[in-house]
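Below you'll find the structure, written out as C-alpha cells, and then a few comments.
The values are calculated or read from the model by the stated rules, or taken from the named source; none is laboratory data. Just so you know, these numbers come straight off a predicted model, no measurement behind them. Cβ coordinates were reconstructed from backbone atoms using ideal geometry, including for glycine residues, and neighbour counts include every protein chain displayed.
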Amino acid sequence: GSREPLADFSRGRGYLVEAGGSAEEAVANWRGGGCSLAILDLLLPGLDGREFLGRMRREGDRTPVIILTARGAEAHRVKGLRLGADDYVVKPFSAEELCARVEAVLRRAGVPPAPVRIGEARVDLAGHRVERAGRSWSLPRKEAELLAFLARHPGVTFGREELLREVWGYAALPTTR
C-alpha cells in the first residue's frame, strides 16, 4: 500500500529507510540494530503490532516508535502509548505530517537530524551552522531548527501554535506569548 511511497518520501528528506512489509521483515530490521526510529503499522501481516512493540520494550529496546493505525479511538491510542510508543498517527495521514512527527520524536530522543538543503546552502542542525559557497555561519540551536523546518515547507505559512509544536516540541501549548 503506502509503504513504498512513504519510504521514498522519507529518503527524499535525507533519511536512510529500511521498509518491511511483514512481521518477519520488521523483526529482521529490528534485530539488525542501528535504527534511530521505528514506524510500526499495527496491522502487520503475521504479527500484531502491539505484540511486536511489547516484545521490543520487554527486551529493553528503547528505540523511539511511532505507531500507525486506522484505529483512532482514544482507548487504542492510550493502549499504544502505554505499551511504549512515543507517538501515534491515525490513518489517513499526510507524509508531511508523519515526517513532522518523526522529526519531533527524534528531537525529543536526542538523535541529531539530517542536514537540510536550501538551494546552494546547507543547514547542519547537529552543529547549528549554515554553510554556503565555502562560508559557514553559527546559529543558535532553535534558529537553525526553525530555518530547517521552514526550508522543508517552502511557501507554507505556519501559525504560532504549529511552530511551537513542530519546532519547539511542545505537547501542550504555553498560555503566555
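Restricting to region 127-155, what's the tally of residues that are surrounded by fewer than 15 Cβ atoms within 10 Å (Cβ to Cβ) and part of a strand (DSSP E or B)?
Selection size over region 127-155: 5.
Suppose the filter is in contact (Cβ under 8 Å) with a residue 12 or more places away in the chain, loosely packed, with under 12 Cβ neighbours inside 10 Å, of a type in the set (Gly, Ala, Ser) and within 21 Å of GLU166 (Cβ to Cβ); does GLY46 pass it?
No.
If you take the residues of region 114-149 that are aliphatic (A, V, I, L, M) and in contact with a Phe, Trp or Tyr (Cβ under 8 Å, 6 or more places away or on another chain), which of them is farthest from LEU37 (Cα to Cα)?
Once the filter is applied, the top-ranked residue is VAL130.
How do the helices (runs of 4 or more DSSP H) wholly within region 22-115 filter down when requiring 3 or more residues that are under 19 Å from the mean Cα position of the chain (by Cα) and at pLDDT below 75: which remain?
23-32
Quick one: would you say ALA85 is touching a strand residue (DSSP E or B) at 6+ places or on another chain (Cβ under 7 Å), surrounded by 15 or more Cβ atoms within 10 Å (Cβ to Cβ) and free of Cβ contacts under 8 Å to residues at least 12 places away in the same chain?
no
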